Amino acid sequence: MALVAPWRLADARHPAAAADARRRIAEVDGQVRAWVTVLPEDGDASTDGPLAGVPVGIKDIVDVAGVPTLCGSRALAGAPPARADAAIVRLLRAAGAVVLGKTVTTEFAYFDPGPTRNPHDLARTPGGSSSGSAAAVASGAVPLAVGTQTAGSVVRPASYCGVAGLAVARGTLSTDGVNPLAPGLDTLGLFAATVADVALARAALDGREPPDVSPGPPRLLTWDGTAVAEVSPAMLAAHADAVARVREAGAEVAPLEVDLRAATADQRTIMAAEAAATVPNRPGLGANLAALLAEGHAIPAGDLDAARERSAVTRYAVLAALEHADAVLAPGALGVAPTGLESTGDPVLSRPFHVLGLPALAVPGARDADGLPLGLQLLGHPDREDALLAAGRWLERA
């Protein structure tokens, strides 16, 4: 039985889709382990709206009325059900979607992994922290899932699992009802089989149709990540191949000439400090999260202020570059999903862009020699999300 079977939104907009999703979960989730809770059928599948009947998975740091929000943590075992839907869940229901259940998250959306496995290879991580949402889409359990990103928690699992993922620019979707990790960095995201499906779902949340895609090729800046990390040869080859393909197809391509090394470190500083001020240091926390909180408590206020000031300067430089381009084309992760379930991989290639508040789009399609996904990412201007999605759809075709 194939564990990888992404489900297109167009094929899921019907009243029986939720029942189909439950059957698929029964078939594959004993191996993939993407779900915390699957809600019973209540017969209220909508026939109206752009997402009418579409079953959706919700990352288990996001409130769904009547369901406990456990945040992947033993510390919250026995928590009472949420009293109300998070804002993102209300938007999905208003668009006609059926909330199917809660997907696995790493503990409090940090690095301590849950049980989820990568549908492409069960011995490999699906990434984090939106592990369950990415794996649920890749395994064909649902065509759409909600995640969050504080460093690279949409882009990395989407890249590892071979699906599309959009982390929206901070502030463009309300995080009301989302358990925070670092409030100044947290943002929401969507997973779907293709960029076109992500674009459809994103527009549905705003109550509009997705914009028409310009037939013309985009203007792209390129960044290969080697200034901040050791990127695998396979990922560098995939990125170089994508650059060559888009240039051959007519895209304008130029390097991103902004130094992102400081921003990469500054994201870590800001995240640790904000997490320490936000997440209660409860008994029983995982080792990774406990270490992050300890690190954050030790950061002097002056260092935090300096990190925020530096990242503001870098943001200005990158936004200036994006005034003349539609997106930055970069690797989505260091390589394919690492073997083993003890780690969720490294978000280093997302850190600098995320601290700048850019929307990030994981574009599936590239593979290594063994057929494992090598996701690319596009980073766009916060005020031009439609242009980012249009560039992503063009890149996906190219």
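The values are calculated or read from the model by the stated rules, or taken from the named source; none is laboratory data. Everything numeric in this text was worked out from a predicted model, so none of it was measured. Neighbour counts are summed over all protein chains in view; Cβ atoms, including those assigned to glycine, are modelled from backbone coordinates with ideal geometry.
Reported count of residues in segment 186-217, each being of a type outside the set (A, V, I, L, M) and closer than 11 Å to residue 144 by Cα, is 5.
Considering the conditions (1) in contact with a Pro (Cβ under 6 Å, 6 or more places away or on another chain); (2) without any contact (Cβ under 8 Å) to a residue 40 or more places away in the chain; (3) part of a helix (DSSP H, G or I), residue 293 is excluded by exactly one of them, (1).
Name the one entry in 237, 151 that is crowded, with 24+ Cβ neighbours inside 10 Å and closer than 24 Å to residue 264 by Cα. Don't jump to the end; show me each part of the working.
Working: 237 fails: crowded, with 24+ Cβ neighbours inside 10 Å.
When all the criteria are applied, what remains is 151.
The conditions of being part of a strand (DSSP E or B) and modelled with pLDDT of 95 or more are met by residue 330. Exactly one residue out of 341, 374 is surrounded by fewer than 21 Cβ atoms within 10 Å (Cβ to Cβ) and out of contact with any Leu (no Cβ under 8 Å at 6 or more places or on another chain), and it is 341. Step by step: first the residues of segment 196-232, then only those that are touching a strand residue (DSSP E or B) at 6+ places or on another chain (Cβ under 9 Å) and of a type in the set (D, E, K, R), then the one that is nearest to residue 8 (Cα to Cα). Which residue is that? Checked segment 196-232; the qualifying residue nearest to residue 8 (Cα to Cα) is 197. Any residue at all in segment 244-267 that's under 14 Å from residue 181 (Cα atoms), surrounded by fewer than 17 Cβ atoms within 10 Å (Cβ to Cβ) and of a type in the set (A, V, I, L, M)? Looking for residues that are under 14 Å from residue 181 (Cα atoms), surrounded by fewer than 17 Cβ atoms within 10 Å (Cβ to Cβ) and of a type in the set (A, V, I, L, M), one finds none in segment 244-267, hence no.
Of all residues in segment 344-371, how many are assigned to a loop (DSSP other than H, G, I, E, B) and either under 15 Å from the mean Cα position of the chain (by Cα) or surrounded by fewer than 24 Cβ atoms within 10 Å (Cβ to Cβ) (or both)? I'd like the intermediate steps shown before the answer.
Residues of segment 344-371 that are assigned to a loop (DSSP other than H, G, I, E, B), as a first pass: 344-350, 356-359, 364-366, 368-371.
Those left that are additionally either under 15 Å from the mean Cα position of the chain (by Cα) or surrounded by fewer than 24 Cβ atoms within 10 Å (Cβ to Cβ) (or both): 344-350, 357-359, 364-366, 368-371.
Counting residues in segment 344-371 that are assigned to a loop (DSSP other than H, G, I, E, B) and either under 15 Å from the mean Cα position of the chain (by Cα) or surrounded by fewer than 24 Cβ atoms within 10 Å (Cβ to Cβ) (or both) gives 17.
Note on segment 204-245: residues that are of a type in the set (A, V, I, L, M) and part of a helix (DSSP H, G or I) total 11.
Scan 218, 210 and give me the residue that is crowded, with 23+ Cβ neighbours inside 10 Å, touching a residue at least 24 places away in the same chain (Cβ under 8 Å) and farther than 28 Å from residue 181 by Cβ. None of the others qualify; the one that does is 218.
Taking every residue in segment 342-357 that is under 22 Å from residue 171 (Cα atoms) and modelled with pLDDT of 95 or more and pairing it with any residue that is basic (Lys, Arg) and assigned to a loop (DSSP other than H, G, I, E, B), at least 6 positions away or on another chain, the pairs with Cβ-Cβ distances below 8 Å are 357/170. What are the residues in segment 227-242 that are farther than 13 Å from residue 335 by Cβ and free of Cβ contacts under 8 Å to residues at least 24 places away in the same chain, if any? If the condition is that a residue be farther than 13 Å from residue 335 by Cβ and free of Cβ contacts under 8 Å to residues at least 24 places away in the same chain, then 240 is the only one that fits.
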